[in-house]
Amino acid sequence: MSSATYKTFAIAGVGLIGRPILDALLARNASVVVLTRSPKEDTLPTGGKFATVDYNDVPGIAKVLKENHVDVLISTVGQEALGQQQINLADASKQAGVKLFIPSEFGVPTVGRKEGLFGYKTNLIDHLQKIGVPSFRIFTGWFTEGILELVGYETNKKVNVIGKGTAPISFTAIPDIAGYVAHVLTTQPPEKLENKIARLEGDRASLVDIAAFLKTDVEHVTELTGPSGPLITFLQRFLDTGAGSTGWDPLTDSEGAEKPGSGNALWEGHQWKRIVDVVKV
Ligand SMILES: NC(=O)c1ccc[n+]([C@@H]2O[C@H](COP(=O)([O-])OP(=O)(O)OC[C@H]3O[C@@H](n4cnc5c(N)ncnc54)[C@H](OP(=O)(O)O)[C@@H]3O)[C@@H](O)[C@H]2O)c1
Ligand SMILES: *[C@@H]1O[C@H](CO)[C@@H](O)[C@H](O)[C@H]1NC(C)=O
């Protein structure tokens, strides 16, 4: 490890994607502090430590970051916290001299998007640029583990498709995303990460391709049912435009110059999980 790499990390919110990132950093013996609204000690693995924070208290968060000499703030906060809370985390990072901010992206490319939760993600990047805190954005496409939910498989053991279902989607598995974050942050020099975008891809498939993987039929439907039905219906329409590829450029509504999976290169020699490695039915 070169002396120029980052040494100390803070993770804000350890949920679906934050927890595996925490474990991957600890597996590399990194020094990590977990920012949380309410610590649950029994859920913390050996080597990590909690700091209780109030996301409305910018100086309070900055104090925690300073005391722990945090080089990199990794935000993995959930959707309720993507707006003002992340702006406050950015301001606290600035005050504490944090060198790199990983925003809570971990999805489809959001560059320039203004709508809904995507708009919050864009506002954060604009804010980080304004206050002069470098960011490293990680686009992953859809989590491979979420495929069955995306196609409403459990409702009828079929791949339920709203539109044509032929647009390619990037899929990346959660352990690969976590391993990637830990790997690049503990091995790469700042100039490889600062104000860059990583476009990851473990596998690439359309909804119609997924039916073939699952050895089942495509069912063309007008909506998906169940508790997450309305959201998934909306997301499938969105993915049908091609926007689920990590190479997508929302500003031109087409594949951009940076290829899907181009970010994988920073984890040399890693074998990325394919859909068949993750999704078993
Ligand atoms: N590509 C995909 O398929 C996919 C799927 C899911 C999520 N994502 C993205 O991944 C990112 C992280 O999502 P996630 O699902 O990992 O997050 P999550 O599990 O919903 O939440 C992570 C943590 O955020 C913290 N938090 C802080 N303030 C909060 C607030 N006001 N309300 C709720 N939680 C708050 C909580 O920790 P404490 O309680 O300890 O404070 C929580 O454990 C998001 O940007 C999301 O869009 C992508
Ligand atoms: C982490 O530390 C343990 C105990 O000192 C050591 O056995 C292990 O090899 C270290 N792992 C890495 C990835 O450096």
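The values are calculated or read from the model by the stated rules, or taken from the named source; none is laboratory data. Given the structure is predicted, the values throughout are model-derived calculations rather than measurements. Please note: Cβ atoms are built from the backbone with ideal geometry, for glycine as well, and neighbour counts cover all protein chains shown. To get the accessible areas, we keep the full protein, side chains included, count just its heavy atoms, and leave off ligands, DNA and RNA. Shrake-Rupley method; radii C 1.70, N 1.55, O 1.52, S 1.80 Å.
When you check PRO175 against the structure, is it part of a helix (DSSP H, G or I), open to solvent by 60 Å² or more (accessible area, probe 1.4 Å) and either in contact with a His (Cβ under 8 Å, 6 or more places away or on another chain) or over 30 Å from HIS270 (Cβ atoms) (or both), yes or no?
No.
Please pick out the residue among GLY97, GLY119 that is at positive phi, among the small types (Gly, Ala, Ser) and surrounded by fewer than 21 Cβ atoms within 10 Å (Cβ to Cβ).
GLY97
Listed here are the residues, each with its yes/no results for (1) within 10 Å of ligand 1 (Cβ to nearest atom); (2) in a strand (DSSP E or B); (3) of a type in the set (Phe, Trp, Tyr).
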{"site": "LEU65", "(1), (2), (3)": "no, no, no"}
{"site": "PHE101", "(1), (2), (3)": "no, yes, yes"}
{"site": "GLU105", "(1), (2), (3)": "yes, no, no"}
{"site": "GLY119", "(1), (2), (3)": "no, no, no"}
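Being within 16 Å of ligand 2 (Cβ to nearest atom) and either within 14 Å of VAL184 (Cα to Cα) or buried (at least 21 other Cβ atoms within 10 Å of the Cβ) (or both) is the filter; apply it to the stretch 30-39 and report the residue that is nearest to the chain's Cα centre (by Cα).
VAL32
When the stretch 9-28 is examined, which residues are found to be open to solvent by 10 Å² or more (accessible area, probe 1.4 Å), more than 15 Å from ligand 1 (Cβ to nearest atom) and under 20 Å from VAL98 (Cα atoms)?
LEU26
Quick check: anything in the stretch 188-195 crowded, with 17+ Cβ neighbours inside 10 Å, at pLDDT 95 or above and more than 23 Å from ASP277 (Cα to Cα)?
Yes, there is a match, as at least one residue in the stretch 188-195 is crowded, with 17+ Cβ neighbours inside 10 Å, at pLDDT 95 or above and more than 23 Å from ASP277 (Cα to Cα).
Please pick out the residue among THR166, THR241, THR252 that is at pLDDT 95 or above, open to solvent by 40 Å² or more (accessible area, probe 1.4 Å), part of a helix (DSSP H, G or I) and polar (S, T, N, Q).
Only one candidate passes the filter, namely THR241.
Collect the residues in the stretch 39-49 that are within 19 Å of LEU65 (Cβ to Cβ) and near ligand 1 (Cβ under 8 Å from one of its atoms), keeping them in residue-number order.
PRO39, the sole residue that qualifies.
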